[in-house]
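Undergrad: After the structure tokens below, expect a handful of questions from me.
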Amino acid sequence: MIDEYGRNIDYIRISVTDRCDLRCVYCMPEEGVIPTAHSEILTYDEIVRLAEILAGLGFKKIKLTGGEPMCRLGIEKLIASLKNVGGIKQVTITTNGVTLAKKYEALRESGVDGINISLDTTDRALYAKITRRDMLDNVLKGLEVALAGKDMIPLKINCVPMSREQKLTDVALLAKENDIAVRFIEMMPIGYGSSFDYISRSEVIAKMEEAFGVLTPYEGKALGNGPAEYFTAKGFKGKLGFISAVSHKFCGNCNRIRLTSAGYLKTCLQYETGCDLKSLLRGAGDDNAIADAIISAVGKKPAGHHFGEEAAGGDEKKTMSQIGG
């Protein structure tokens with residue numbers, strides 16, 4: 001789909017749950033959030049139906065998110081179903097990795113095209129401080145299983161710099177020792193993330209170059225669907241990536257929309273703008289009516305966010321777990 005600004009919108013991030021087994025400080029309060037009732041969450045059949053409609057509109061790529069998508073029973077069955085939707089070329093998933101060791105083989109058999117693992121530090125005490133759970137060993141075990149797995153699923157590590165306590169170079173070492181991408185994502189001022197000062201891409205690159213030497217822009221085959229810019233470093237098997245929404249605004253090339261677990265279509269992360277697809281799915285709306293609603297929403301997709309500037313009317317007030325990662 002081509003929006004008002006000439007952008008090709010062909011990628012959707014679908015949240016399957018707002019539940020999570022961690023309590024990351026930039027995502028939700030320590031006590032968690034009141035979860036959406038199961039009856040209000042889209043069923044797998046509803047998600048597949050939407051995928052079929054989206055594919056008919058030119059969407060080709062789906063990312064499953066949460067909350068923590070592995071908290072939802074049978075997630076691998078949903079992946080397999082989405083892989084069978086004509087026109088959908090890629091289905092990937094993002095996870096905190098806590099249960100990845102147990103579920104890796106089922107994910108592989110589902111045909112998933114890629115796994116993103118959120119990992120902000122490899123220091124156990126700091127990990128427990130950030131996530132409010134002592135589960136780093138689970139994540140590292142999941143990573144170990146994935147790296148050793150037969151026909152390894154392409155892996156990316158997502159790290160959000162938020163504190164000078166973090167030894168970001170230790171996370172980067174995962175890309176030195178393995179053929180994976182480690183991406184550093186600037187903190188976005190959404191929900192609880194608004195309480196943190198973001199650490200800019202330039203500061204992180206300076207730390208990387210101090211430790212590993214000059215980073216060279218990677219100009220090979222595309223490594224993903226989004227705005228990450230990738231670099232190579234001497235002696236690295238993998239790549240270092242940077243997603244810099246605050247310091248290097250990339251809205252002019254945006255190709256995505258988001259669907260919350262409760263069925264609300266969001267056309268930009270920062271704004272409440274979008275439409276309620278669940279009511280159409282569960283009401284009298286046929287596939288054509290749903291397609292028309294999607295076309296209308298994408299047609300009103302904002303030109304861009306205003307991160308780092310004053311708040312404006314219509315800004316999103318939900319947390320990231322409620323929106324979808």
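The values are calculated or read from the model by the stated rules, or taken from the named source; none is laboratory data. Worth saying up front: this structure is predicted, and the values here are computed from it rather than measured. Heads up, the Cβs are rebuilt from the backbone with ideal geometry, glycines too, and the neighbour counts pull from every protein chain shown.
Undergrad: If you take the residues in region 210-229 that are among the hydrophobic types (A, V, I, L, M, F, W, C) and outside any loop (DSSP other than H, G, I, E, B), which one is nearest to Lys239 (Cα to Cα)?
TA: Checked region 210-229; the qualifying residue nearest to Lys239 (Cα to Cα) is Phe212.
Undergrad: Now for a separate question. Would you confirm, using the coordinates I've provided, whether Lys207 is over 27 Å from Cys27 (Cα atoms) and either modelled with pLDDT of 90 or more or part of a loop (DSSP other than H, G, I, E, B) (or both)? Working first, answer last.
TA: Working: over 27 Å from Cys27 (Cα atoms): no; either modelled with pLDDT of 90 or more or part of a loop (DSSP other than H, G, I, E, B) (or both): yes.
Judged against the criteria, Lys207 is not a match.
Undergrad: Now a separate question. On the given criteria, is Leu42 buried (at least 19 other Cβ atoms within 10 Å of the Cβ), touching a residue at least 24 places away in the same chain (Cβ under 8 Å) and in a helix (DSSP H, G or I)?
TA: no
Undergrad: On to the next question. Can you name every residue in region 161-172 that is modelled with pLDDT of 95 or more, among the aliphatic types (A, V, I, L, M) and touching a helix residue (DSSP H, G or I) at 6+ places or on another chain (Cβ under 9 Å)?
TA: Leu168, Ala172
Undergrad: Does region 154-170 include one or more residues that are part of a loop (DSSP other than H, G, I, E, B) and under 21 Å from Leu78 (Cα atoms)?
TA: Yes, region 154-170 contains a residue that is part of a loop (DSSP other than H, G, I, E, B) and under 21 Å from Leu78 (Cα atoms).
Undergrad: Which pairs have Cβ atoms under 6 Å, sit 6 or more apart or on different chains, and link a residue in region 271-291 that is free of Cβ contacts under 8 Å to residues at least 40 places away in the same chain and in a strand (DSSP E or B) to one that is among the hydroxyl-bearing types (Ser, Thr, Tyr) and surrounded by 13 or more Cβ atoms within 10 Å (Cβ to Cβ)?
TA: Listed pairs, sorted by first residue: Gly274/Tyr264; Gly274/Thr267; Asp276/Tyr264.
Undergrad: Of all residues in region 173-204, which are small (Gly, Ala, Ser), farther than 15 Å from Ser244 by Cα and at pLDDT 85 or above?
TA: The first filter runs over region 173-204 and keeps only residues small (Gly, Ala, Ser), leaving 175, 181, 191, 193-195, 200, 202.
Narrowing further to those that are farther than 15 Å from Ser244 by Cα: 175, 181, 191, 194-195.
The answer is Ala175, Ala181.
Undergrad: How many residues, within region 43-99, are closer than 30 Å to Thr122 by Cα and out of contact with any strand residue (DSSP E or B) (no Cβ under 8 Å at 6 or more places or on another chain)?
TA: Selection size over region 43-99: 7.
For (1) within 17 Å of the chain's Cα centre (by Cα); (2) among the aliphatic types (A, V, I, L, M), each residue gets a yes or a no:
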| position | (1), (2) |
| --- | --- |
| Glu4 | no, no |
| Arg19 | yes, no |
| Cys27 | yes, no |
| Val33 | no, yes |
| Thr36 | no, no |
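Undergrad: If we keep just the residues of region 114-137 that are in a strand (DSSP E or B) and not polar (S, T, N, Q), which is surrounded by the fewest Cβ atoms within 10 Å (Cβ to Cβ)?
TA: Filtering region 114-137 for residues that are in a strand (DSSP E or B) and not polar (S, T, N, Q), the one surrounded by the fewest Cβ atoms within 10 Å (Cβ to Cβ) comes out as Gly114.
One line per residue, one yes/no per condition, for (1) within 16 Å of Glu68 (Cβ to Cβ); (2) touching a residue at least 40 places away in the same chain (Cβ under 8 Å):
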| site | (1), (2) |
| --- | --- |
| Ser110 | no, no |
| Asp120 | yes, yes |
| Arg124 | no, no |
| Thr131 | yes, yes |
| Glu144 | no, yes |
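Undergrad: Is it the case that Leu140 is of a type outside the set (Gly, Ala, Ser), under 20 Å from the mean Cα position of the chain (by Cα), more than 19 Å from Ile180 (Cβ to Cβ) and in a helix (DSSP H, G or I)?
TA: Considered against the rule, which asks whether it is of a type outside the set (Gly, Ala, Ser), under 20 Å from the mean Cα position of the chain (by Cα), more than 19 Å from Ile180 (Cβ to Cβ) and in a helix (DSSP H, G or I), Leu140 comes out as no.
Undergrad: Are any residues in region 212-242 surrounded by fewer than 21 Cβ atoms within 10 Å (Cβ to Cβ), at pLDDT 90 or above and either within 14 Å of Glu186 (Cα to Cα) or of a type in the set (Val, Ile, Thr) (or both), and if so, which ones?
TA: If the condition is that a residue be surrounded by fewer than 21 Cβ atoms within 10 Å (Cβ to Cβ), at pLDDT 90 or above and either within 14 Å of Glu186 (Cα to Cα) or of a type in the set (Val, Ile, Thr) (or both), then Val214, Thr216, Glu229, Thr232 are the ones that fit.
Undergrad: Among what's in region 47-106 and is charged (D, E, K, R) and under 16 Å from the mean Cα position of the chain (by Cα), pick the residue that is surrounded by the fewest Cβ atoms within 10 Å (Cβ to Cβ).
TA: Lys61
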